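J.: After the structure tokens below, expect a handful of questions from me.
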Amino acid sequence: MQSLNNKMKRYIQGWIIAFSYLASLTALPPLLADPESPLAGMERYKNLTKIQIKGNIICLHEAMNKEFGMNIPTDHDHVYGFKTEEGTFYLFLKNNLSAAVFDDERVRDRELILSAWLFPKSNIIDIVSMKSVKDGVLHDLYYYCVICAIRSAVPGPCMCCQDDVEFVEKPLD
Ligand SMILES: [Zn+2]
Ligand SMILES: [Zn+2]
């Protein structure tokens, strides 16, 4: 009877772990409804699926060469894409958020969690929000001008004073 109780206990503990894991997943959705995104709630995307994916930025040329032996020119132009932890590839288009990926190596080096609209019949996405994962903690990524106190999604000179902006990676609580 004792061992049956222990079995039962382990079974229940297993479910508690599973449920708390699920609860932690459901804690993620605020990312999906990023109010800062100009695309949030956009009417023309209302029939599209919004996905949340975790992984890294890769060059699709190099990834196809490495994984499938595709012949690529050594002097190719990088085509940035996203590879999830599970190994699925996505192609993202340039928008005001993803521009940072093209312009800033630091963003490309990070492990990222993207929420994005997935276009039908494709693995093409439109990024809605981009967070980094550093030491297991979710971080906000943005650029900041200390002089004007202006926050921006893209690197480069400040839109106001034209001074250099600071790259900020701030833990989310
Ligand atoms: Zn490349
Ligand atoms: Zn400024």
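J.: Rounded to a whole number, what is D in µm²/s for region 35-138 from Stokes-Einstein with the Kirkwood radius over alpha-carbon pairs (20 °C, 1.002 mPa s)?
T.: Working: Rh = 14.5 Å.
Diffusion coefficient, whole number: 147 µm²/s.
J.: Next up: What is the fewest-to-most order of T74, T88 by other Cβ atoms lying within 10 Å of their Cβ?
T.: Details: T74 5, T88 11.
Going from sparsest to densest Cβ surroundings: T74, T88.
J.: Which aspartates and glutamates does K83 reach when only Cα atoms under 16 Å apart count, and residues fewer than 8 places away in its own chain are ignored?
T.: Those aspartates and glutamates meeting the cut-off are E62, E67, D109, E111, D126.
J.: Here's another thing I want to ask about it. Hey, can you grab everything whose amide H is under 5 Å from the amide H of G156? Only 5+ residues off in sequence or another chain; H modelled, so Pro and N-termini drop out.
T.: V165
J.: If you don't mind, another one. Within 10 Å of each residue's Cβ, count the other Cβ atoms and sort I147, I72 from fewest upward. Let's see the in-between values first.
T.: Details: I147 12, I72 16.
The fewest-first ordering by Cβ neighbours comes to I147, I72.
J.: Here is a follow-up. Just rank F92, F68, fewest to most, by other beta-carbon atoms within 10 angstrom. Could the numbers behind the result be given before it?
T.: Numbers: F92 20, F68 7.
Fewest-to-most ranking of F92, F68: F68, F92.
All of the numbers you see were taken from the coordinates with simple rules; none came from a lab. In this text the structure is predicted, and so the values were computed from the model without any measurement. In this analysis, Cβ positions are derived from the backbone assuming ideal geometry, glycine residues included, and neighbour counts consider all displayed protein chains.
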